[in-house]
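The values are calculated or read from the model by the stated rules, or taken from the named source; none is laboratory data. Owing to the predicted nature of the structure, the values given are computational and were not obtained by experimental measurement. Cβ placement follows ideal geometry from the backbone for every residue including glycine, while neighbour counts extend to all protein chains displayed.
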Amino acid sequence: MTEQTTVNGHAAPRPPSGGSAGARTVTIFDTTLRDGEQAPGASLNQTEKLEIAQQLARLGVDVIEAGFPVASKGDFESVALIAGEVRGARIAGLARAIERDVRVCWDAVRQAETPRIHTFISTSPIHMKYQIKKTPDEVRAITHEMVTLAASLAAQHPAADVEFSAMDASRSEPEFLAEIFAIAIECGATTINVPDTVGYALPLEWGDFIREQYRLCPSLSDVTVSVHCHNDLGLATANSLAAVRAGAGQVECAINGIGERAGNASLEEVVMALRTRGVYFGATTGIVTEEIVRTSRMVANLTGYVIQRNKAIVGRNAFAHESGIHQAGLLSEPSTFEIMKPADVGLTDSDLVLGKHSGRHALRARLKELGYELSDTELDLAFQRFKDLADKKKEVTALDLEALIGEEIRERQDVFTLRSFVSQAGSSMVPTSQVEVDVRGRRRRGKSFSNGTVESVFKAIDNAVGMRGSLADYQVRSVTAGKDALAEVRITVGVDGHTFHGQAVSFDVMEASAKAYVRALNNAAAAKGTN
Ligand code: KIV
Ligand code: ZN
């Protein structure tokens, strides 16, 4: 199969309005911080959200959906913070088609260089009847009223705009959906989003569905048509691409595909498919693809959502060739077995970065390359950590630095900080642990014993901080190869019926475990404070 502009004899679809016969640029709308954060236990604190938003801007996404401002005080504050700080990308906030949501959303995003109100209402028979309990006539009226309100608020800003989404569009009556879209466009929405909310669509059918909407609602050609696909059947990327082929001009997606249930379309897959098969799609994106791996690792570290090894584009094995036949082919000509170059997504051979003689200046420069801008005080702390690491480990790689800096960022807002721990264990004794934890700056001690060493440390921490966590998942891996590698522990803990993730790195597996557990409790404490 070679790159072509027609498939199976069908002509490429008509480009959307404003598009040319040449490559058009598809808008990449990233929802990692909104739908992505809705993934169970993927909660992020404000500093982490800002850090990710800044990295998304470096990655070149066109729109960052920063959160759902009306959901909680914490959500409002992080959207407002991102709107005030992040430049170079449009900042969107989500709002149900309810007056209070729309107004609160506007207050959160209005400081952005280019703000967006993203309002939505359900349009499928099943959602209208059971989810929002509204008649089709009421949905028509609410769409009219709320998009008009959003557009009037957006008119206060020279670059603000409004996006409208029809929730559960894929299970909606096509004629009714087209009617709702026409109302939203007439009232001022300039992006119309067609979500496959429950991940029900199939690629060929979904492409036809989008084409049919262009036919039933001619004014769609005057705006940007967007798709938002969920991955319940593992088809989110395929469906998003089918929609692009049918003329959609915006794709909503999340880094590493995180999101509600099975997640959203994965940004890296959509973007690299459009880049690798650009001729077929007649489309491209403005994404700086070399930033993909860095963004992916940052999101995995901060959310605790581990990337599966064989995940397309960003999995550890995505560019690893095991078989001798493949390796021989690659050595003589990389394109024999590689359709993308590792460097295109930001994987370089120059993972070796610094050694124990490197100074502050070299560390600052390398961190800058990795996307981290630290203040002088932050750099002092990072340098101290780097020196401790370089004393124990001959080669400090980009992966090591990212793991350490990720910890650094998170510790800035912590309620609990592990100061020390001592554990005694052996084949003929009951493991016993003692810990010292600072709770809002005050030293607390805890002691406990249990059948396992790890459990005895966790119980001692519970006693010190006055919380009860129950361990749901525990994973250990090494950050790099070699006996002197850092150990990374990822943990899932249940607190008061909610789950929280924790991740930490250390040379010592027990220390990494204790820190990861404290991290999960910090996330639980932060969630209590913001809701
Ligand atoms: O899945 C969905 O329908 C959504 C909307 C709010 C766009 O996330
Ligand atoms: Zn969604």
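So that you can scan it fast, the table gives a plain yes or no per residue for (1) at pLDDT below 95; (2) surrounded by fewer than 13 Cβ atoms within 10 Å (Cβ to Cβ):
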position: Asn8; (1), (2): yes, yes
position: Pro16; (1), (2): yes, no
position: Gly19; (1), (2): yes, no
position: Ala23; (1), (2): yes, no
position: Val26; (1), (2): no, no
position: Arg34; (1), (2): no, no
position: Gln54; (1), (2): no, no
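Is at least one residue of region 217-229 more than 15 Å from ligand 2 (Cβ to nearest atom) and within 19 Å of Val314 (Cβ to Cβ)? No: zero hits. Whether a residue is surrounded by 24 or more Cβ atoms within 10 Å (Cβ to Cβ) and either within 15 Å of ligand 1 (Cβ to nearest atom) or on the phi < 0 side of the Ramachandran plot (or both) was assessed, and Asp75 passes this test. Being small (Gly, Ala, Ser) and within 16 Å of ligand 2 (Cβ to nearest atom) holds for only one residue in Ala273, Ala312, Ala236, and it is Ala236. In region 261-272 there is no residue matching the filter, namely being away from ligand 1 (no atom under 16 Å from the Cβ), more than 16 Å from Gly41 (Cα to Cα) and among the hydroxyl-bearing types (Ser, Thr, Tyr). When region 202-234 is filtered for residues that are within 14 Å of ligand 1 (Cβ to nearest atom) and surrounded by fewer than 21 Cβ atoms within 10 Å (Cβ to Cβ), only Asp232 remains. Residues to consider are Val279, Val306; find the one that is exposed (fewer than 15 other Cβ atoms within 10 Å of the Cβ), in contact (Cβ under 8 Å) with a residue 40 or more places away in the chain and farther than 24 Å from Thr190 by Cα. Step by step, each of Val279, Val306 is checked, and only Val279 is exposed (fewer than 15 other Cβ atoms within 10 Å of the Cβ), in contact (Cβ under 8 Å) with a residue 40 or more places away in the chain and farther than 24 Å from Thr190 by Cα.
Matching residues to (1) crowded, with 17+ Cβ neighbours inside 10 Å; (2) outside any helix (DSSP H, G or I); (3) touching a helix residue (DSSP H, G or I) at 6+ places or on another chain (Cβ under 6 Å):
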residue	(1), (2), (3)
Ser358	yes, yes, no
Leu363	yes, no, yes
Gln384	no, no, no
Leu389	yes, no, no
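Identify, please: which residue in region 171-197 is within 16 Å of ligand 2 (Cβ to nearest atom) and among the charged types (D, E, K, R) and is, among those, nearest to Gln131 (Cα to Cα)? Among them, the one singled out is Arg171.
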